[in-house]
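Single-structure report; data block below.
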Amino acid sequence: RGDNSLVRRALNGMKTTKYDANTLTNHTDFNAKFDTGSLKHDVLVNLELTREKRNNYGIANLRFWDADGTPASANPYGFNHGAPKERYHFSRDVNHSSTLTTHTVGVGVSDIVEITPQWTAIAGVRFNHIKTENAPSGGGSKTSRTDNVWTYNGSVIWTPVEGHNAYLTYSTAVTPVAYRVTGQNDSLDPSQLVAEPEETRTIELGTKHAFFDDALTVNAALFHTKKTQQYYRDAGFIDHIKVYGLDMEVAGRITDKLNLIGNLVWANGKMSADAGNPNVAQLDGYFPEAAAKFTANVWGNYRITENVNAGLGVRYVGDRYTHVPSRGGNPVMVQKLPSYTAVDAMLNYETRSYRAQLNVNNLFDKKYFSTGHRQQAIPGDRRASIVTFAYKF
């Protein structure tokens with residue numbers, strides 16, 4: 001307190017966001033089943049037409065005043081060397097500062113082929129035409145980009161015995177430029193448009209098993225994911241991210257009234273960034289920002305009576321880290337977001353026509369950080385109660 005340079009840095013780190021968004025989309029699917037010799041086909045052809053539009057708003061003014069309403073004129077930043085009585089206020093422009101619009105045309109076809117009762121193959125391809133445009137509301141030149149991208153997926157499934165299978169799958173995906181700035185208060189800048197869209201490639205080897213007439217299921221998968229053209233806010237692009245790990249899930253009907261489901265994910269990997277770019281060099285070699293190497297969840301459901309059902313769940317997220325770049329001779333700083341455990345609960349009453357349900361998320365009001373970015377940490381949701389009423393006819 002009392003150091004205006006510190007206050008300036010605090011204000012520079014303050015993030016505010018406001019935007020209005022709307023999406024219009026049409027999905028058309030065509031499905032056909034037929035045989036070619038001994039091969040059984042299940043073909044799906046789909047068409048997507050989507051327009052996503054977002055109006056961004058900037059800050060109109062930022063001012064400070066004391067708790068008694070007196071303008072804080074003695075200190076231009078409104079702090080009086082200790083007493084935490086000052087308040088600040090910011091307001092948005094009435095008119096939006098820019099409009100970000102993305103048009104997507106996607107055409108895809110996939111085929112599920114039953115080769116034998118034990119072997120099944122899946123193959124799919126999709127063409128994506130994506131155009132993004134950012135238009136300042138006060139005039140000025142528009143910024144736009146158009147990409148034509150193909151994505152693919154393929155799987156082989158082996159089912160030696162009913163209820164038990166192993167599979168190998170490969171898939172790619174693409175993220176349009178506009179999604180890189182969702183949640184940001186600034187407009188789409190040229191540096192984000194000159195690069196290719198973010199692309200993801202995933203390879204997964206897994207197995208699924210069902211026991212006791214599906215009363216117990218056990219699933220496990222090894223995965224390897226690579227992302228290219230990953231954009232980091234306030235930093236820029238990094239070359240790629242590689243993450244690999246194990247995903248396991250167990251679900252069981254313990255009794256006629258009690259069901260349990262549990263899941264855990266262990267992951268490792270690192271980011272690869274250009275050492276010559278000071279904006280992203282500090283990310284090189286680290287695990288992806290704000291991601292946990294270990295997460296676990298368990299949920300139990302107990303039917304108290306024919307109409308009353310209760311649930312209790314525990315979720316755990318391991319340590320995560322954010323990386324602040326070096327500034328003014330200061331070294332790179334790695335900040336830790338501590339692990340946390342939160343509990344959720346549910347109570348439900350249901351008949352053939354009515355359903356009333358109470359959900360309490362974060363039952364014990366655990367304080368934690370849900371995510372973080374550079375010098376910001378985002379608090380997790382506090383305890384929240386949600387009541388739902390439904391009528392079926």
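The values are calculated or read from the model by the stated rules, or taken from the named source; none is laboratory data. None of these values were measured; they are calculated from a predicted model. Because the Cβ atoms are built from the backbone with ideal geometry, glycine has one as well, and the counts that use them run over all protein chains shown. Side chains included, ligands, DNA and RNA excluded: accessible areas come from the protein's heavy atoms. Shrake-Rupley method; radii C 1.70, N 1.55, O 1.52, S 1.80 Å.
Overview of values
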| read-out | value |
| --- | --- |
| Per-region count, the stretch 139-193, residues farther than 30 Å from Ala220 by Cβ and modelled with pLDDT of 90 or more | 3 |
| Selection count, the stretch 263-284, where residues are surrounded by fewer than 18 Cβ atoms within 10 Å (Cβ to Cβ), of a type in the set (A, V, I, L, M, F, W, C) and assigned to a strand (DSSP E or B) | 2 |
| Residue match in the stretch 211-226 (condition: modelled with pLDDT under 95 and either closer than 25 Å to His323 by Cα or surrounded by 17 or more Cβ atoms within 10 Å (Cβ to Cβ) (or both)) | no |
| Options Tyr302, Tyr321, Tyr316, Tyr244; residue that is assigned to a strand (DSSP E or B), hydroxyl-bearing (Ser, Thr, Tyr) and touching a Leu at 6+ places or on another chain (Cβ under 6 Å) | Tyr302 |
| Residue list for the stretch 339-371, restricted to those being open to solvent by less than 70 Å² (accessible area, probe 1.4 Å), in a strand (DSSP E or B), out of contact with any Asp or Glu (no Cβ under 8 Å at 6 or more places or on another chain) and within 23 Å of His323 (Cβ to Cβ) | Tyr340, Thr371 |
| Subset of the stretch 117-146 [in a loop (DSSP other than H, G, I, E, B) and open to solvent by 50 Å² or more (accessible area, probe 1.4 Å)] | Pro117, Gln118, Ser137, Gly138, Gly140, Ser141, Lys142 |
| Counted residues, the stretch 9-43 - those being polar (S, T, N, Q), open to solvent by 70 Å² or more (accessible area, probe 1.4 Å) and at pLDDT below 85 | 1 |
| Top-ranked residue of the stretch 264-295 - restricted to ones that are of a type in the set (A, V, I, L, M) and under 30 Å from Ala310 (Cα atoms), ranked as nearest to the chain's Cα centre (by Cα) | Ala292 |
| Matching residues in the stretch 90-116 - criterion: being of a type outside the set (Val, Ile, Thr), part of a strand (DSSP E or B) and either at pLDDT 95 or above or open to solvent by 70 Å² or more (accessible area, probe 1.4 Å) (or both) | His103, Gly106, Gly108, Ser110, Asp111, Glu114 |
| Of all residues in the stretch 285-296 being touching a Gly at 6+ places or on another chain (Cβ under 7 Å) and in a strand (DSSP E or B), the one that is nearest to Gly380 (Cα to Cα) | Thr295 |
| Scan of the stretch 238-263 for residues that are over 18 Å from the mean Cα position of the chain (by Cα) and of a type in the set (A, V, I, L, M, F, W, C), ordered by number | Ile238, Leu246, Met248, Val250, Ala251, Ile254, Leu258, Leu260, Ile261 |
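Matching residues to (1) within 22 Å of Asn297 (Cα to Cα); (2) among the polar types (S, T, N, Q):
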{"site": "Glu198", "(1), (2)": "no, no"}
{"site": "Phe212", "(1), (2)": "no, no"}
{"site": "Leu216", "(1), (2)": "yes, no"}
{"site": "Asn219", "(1), (2)": "yes, yes"}
{"site": "Lys227", "(1), (2)": "no, no"}
{"site": "Tyr232", "(1), (2)": "no, no"}
{"site": "Val243", "(1), (2)": "yes, no"}
{"site": "Asp247", "(1), (2)": "yes, no"}
